[in-house]
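The block underneath contains the structure these notes are about, expressed in structure tokens.
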Amino acid sequence: MYGPLLSRRLGLSLGVDLVSYKTCDYDCIYCQLGRTAVKTAVRRPFDSPAIILDELKRKLDSIEEPDYITISGSGEPTLNSDLGLIISEIKKMTGVPLAILTNGSLLTDEDVTDACMLADLVVPSLDAGDEETFKRVNRPAGGLTLGCIVDGMVSFRAKHPGQVWLEVMLVSGVNSDDAQIEKILDAAGRINPDLVQLNTVVRPPAETGARPVDEETLARIAALCGAKVEVVSSSRGSGAAIGMEADTEEILGLLARRPCTAGEISDALSLHPTIAVKVLAELVGKGVLYLKSTDSGEYYHLT
């Protein structure tokens, strides 16, 4: 478990990480967690579902009710072959809506689609409009093709009774030209999601050449998408009460999933900015964290 954290898209979100660190069937150039450690499209069990469910129950009993329980984390969650069982048991445990953040690559697998059908919200991603760009941006595991993946999303969307939001991550000079955008939008039209979310590189990416698209370009592309589109902002205020006591374990848990600025940590954990900066400086001094400067800000990483 990690959080609950204030998500840019889902409000107060309690995260559930179902795979070991950086186990994924993609190796995206923009990934905030760096290069994929285990690149595979083969599904398998990870931690015992009973352990996961017990930890989730204890967490839910100790916090205010989140807006979403979000299956996501440090890799591709649909690679966990116990996904369907875990979601089914979570739905018995609580009425909190459940979301899955996935790259959508395995929605061609019947077991994966059956599991995802149980979720209230599924957010797959589509970052390319042709095979060449798909390989350049997402660097997929062998055997995965964009055409089959899009067909899987189309089929899943037609059956799923809940919400489907499609995330498009744009990288300047890679998948942001007009021809590529037109192809992506054509595929999105076939998928017919409830919402298209345009995003770009914010946190330090796996490859230094993965650069963000400027706001003007995002706004222009959003206008082409019509009414069912939103640009995902880089930050969001919490509006929550500000605390003066820092939980180091929570800070490290957050940074284990993604690099963050001091402001993002302050917002996510409802922590006074001055306290956040002080604790982060202490952790840097102890060698637990290091600071990396980018065009979009200074990000703290686990050493």
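Every number here is computed from the coordinates shown, using simple stated rules; none is lab data. For clarity, every value in this text was computed on a predicted model and none was experimentally measured. No Cβ is skipped: glycine too gets one built from the backbone with ideal geometry, and neighbour counts run over all protein chains shown.
How would the range 241-303 be classified by its alpha-carbon gyration tensor: rounded, prolate or oblate, with rounded meaning a/c under 1.5 and the a/b versus b/c comparison settling the rest? Write down the numbers at each step before the final one.
Numbers: a/c = 1.58, a/b = 1.30, b/c = 1.22.
Note, shape of the range 241-303 comes out prolate.
Please rank CYS31, CYS148, CYS116, fewest neighbouring Cβ atoms within 10 Å first, as an exposure proxy. List each step's numbers first, then the result.
On the way: CYS31 24, CYS148 13, CYS116 27.
Least crowded to most crowded, the residues run CYS148, CYS31, CYS116.
Take every DSSP beta bridge with both residues inside the range 1-83 and express the antiparallel ones as a percent of the total, to the nearest 5. Provide the component values of the computation, followed by the final result.
Values: 4 of 12 bridges.
In the range 1-83, approximately 35 percent of DSSP beta bridges are antiparallel ones.
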>> Can you give me the long-range amide H partners of CYS260? Hydrogens built in the peptide plane at 1.01 Å from N, cutoff under 5 Å, separation of 5 or more residues or another chain.
In response: TYR300
> By counting other Cβ atoms within 10 Å of each Cβ, how are HIS301, HIS160 ranked from fewest to most?
Replying inline: HIS301, HIS160
> Given the chain, what count of lysine pairs have C-alpha atoms under 21 Å apart, with each pair 8 or more places apart or on different chains?
Replying inline: 14
> HN-Hα J couplings of the range 279-292 from phi, Karplus 6.51/-1.76/1.60, θ = phi - 60°, integer Hz, Gly and Pro as x?
Replying inline: 5, 5, 4, 5, 5, 5, x, 7, x, 6, 10, 9, 10, 10
> Residue by residue through the range 144-151, which ³J(HN,Hα) values in whole Hz follow from phi under the Karplus form 6.51 cos²θ - 1.76 cosθ + 1.60 (θ = phi - 60°), with glycine and proline marked x?
Replying inline: 8, 10, 4, x, 5, 5, 5, 4
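Counting only C-alpha contacts under 8 Å and six or more residues apart, can you give the relative contact order of the chain as a whole percent? Intermediate values should be presented prior to the final figure.
Numbers: 558 pairs, mean separation 50.7, N = 303.
Here the relative contact order equals 17 percent.
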> How far is the Cα center of the range 250-303 from the Cα center of the range 19-75, in Å?
Replying inline: 21 Å
> Tell me, what ³J(HN,Hα) does each residue in the range 172-179 have, in order and in whole Hz, if you take phi through Karplus 6.51 cos²θ - 1.76 cosθ + 1.60 with θ = phi - 60° and put x for Gly and Pro?
Replying inline: 4, x, 10, 10, 10, 6, 4, 5
> Taking H as built 1.01 Å from N, whose amide H comes closer than 5 Å to the amide H of LEU289, not counting residues under 5 places away?
Replying inline: VAL284, THR303
> Cα centroid distance between the range 195-223 and the range 123-156, in Å?
Replying inline: 18 Å
>> Once you order the gyration tensor axes a ≥ b ≥ c over the Cα atoms, which shape class does the range 8-64 get: rounded for a/c under 1.5, otherwise prolate or oblate by comparing a/b with b/c?
In response: oblate
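Write down the percent of antiparallel bridges among all DSSP beta bridges whose residues are both part of the range 2-236, to the nearest 5.
Numbers: 4 of 30 bridges.
Antiparallel bridges make up about 15 percent of those DSSP assigns within the range 2-236.
For each of ILE87, ILE69, count neighbouring Cβ atoms within 10 Å of the residue's Cβ, then give the residues from fewest to most.
Starting with the residue having the fewest Cβ neighbours, the order is ILE87, ILE69.
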> Rounded to the nearest 500, what is the chain's calculated 222 nm mean residue ellipticity when only DSSP H runs of at least 4 contribute -39500 (n - 2.57) each, over all residues?
Replying inline: -11000 deg cm²/dmol
> Which cross-chain or sequence-distant (5 or more) residues have an amide H under 5 Å from the amide H of ASP25, H modelled 1.01 Å from N in plane?
Replying inline: THR40, GLU76
